Amino acid sequence: MEVILLQDVKALGKKGQVVKVNDGYARNFILPKKLGVEANSKNMNDLKLQKANEEKIAAENLAAAKALAEEMKDKEVVLSLKVGEGGKTFGSISSKEIAEAAKSQLSLDIDKKKILLKDSIKSLGVHNVSVKLHAKVTAELKVKVTEGKG
């Protein structure tokens, strides 16, 4: 019997895959536990429509991420650090502060986990920070660090 898997099944296959199994295994395990459905023409057609819809959504998400990356290219956020005598900075700027500044200054809703910052920023000047918007799209955001009042 051929079944379409509705979930990943260990040692059998991934979700959405059509696999051939013994009739007893399908009737007693896969179908009752809702791990799969019988691969008849209606279910096969539903699977094709579902895959086409998922591809369409993935393409829309990729296009939106590319548009956002293009929009971010020319923008910068301004943050300040306290500076003591001799130009020594106190504190640092983290990805959370960059995300909050992007939201308040540029109206961009960026998740702090998507900001790729190796170490927190501890010096004045302009820093380019990478932001992972999609699996295939990474954008650059300029972060200008100015001297704050201490």
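In the range 76-95, the residues that are acidic (Asp, Glu) reach residues that are assigned to a strand (DSSP E or B) with C-beta atoms within less than 6 angstrom, at least six apart or across chains, in these pairs: Glu76/Lys142; Glu76/Lys144.
When residues in the range 94-140 are screened for being out of contact with any Asp or Glu (no Cβ under 7 Å at 6 or more places or on another chain), surrounded by 15 or more Cβ atoms within 10 Å (Cβ to Cβ) and closer than 12 Å to Val78 by Cβ, 6 of them pass. Looking only at the range 103-135, count every residue that is under 20 Å from Leu62 (Cα atoms), of a type in the set (D, E, K, R) and at pLDDT 90 or above and tell me the total. Counting residues in the range 103-135 that are under 20 Å from Leu62 (Cα atoms), of a type in the set (D, E, K, R) and at pLDDT 90 or above gives 5.
Looking only at the range 129-141, decide whether some residue is among the polar types (S, T, N, Q) and under 30 Å from Gly16 (Cα atoms). Yes: one or more hits.
Per the conditions (1) more than 30 Å from Thr146 (Cα to Cα); (2) exposed (fewer than 13 other Cβ atoms within 10 Å of the Cβ), the sole criterion not satisfied by Gly84 is (1). The residue that is nearest to Leu133 (Cα to Cα), among those in the range 26-59 that are among the polar types (S, T, N, Q) and assigned to a helix (DSSP H, G or I), is Asn53.
Checking each residue in the range 14-26 for being surrounded by fewer than 15 Cβ atoms within 10 Å (Cβ to Cβ) and either in contact (Cβ under 8 Å) with a residue 24 or more places away in the chain or touching a strand residue (DSSP E or B) at 6+ places or on another chain (Cβ under 6 Å) (or both) picks out Lys15, Gly16, Gln17, Val18, Lys20.
The values are calculated or read from the model by the stated rules, or taken from the named source; none is laboratory data. Everything quoted here is computed from the prediction, not taken from an experiment. Ideal geometry is used to build each Cβ from the backbone, glycine not excepted, and the neighbour counts take in all protein chains shown.
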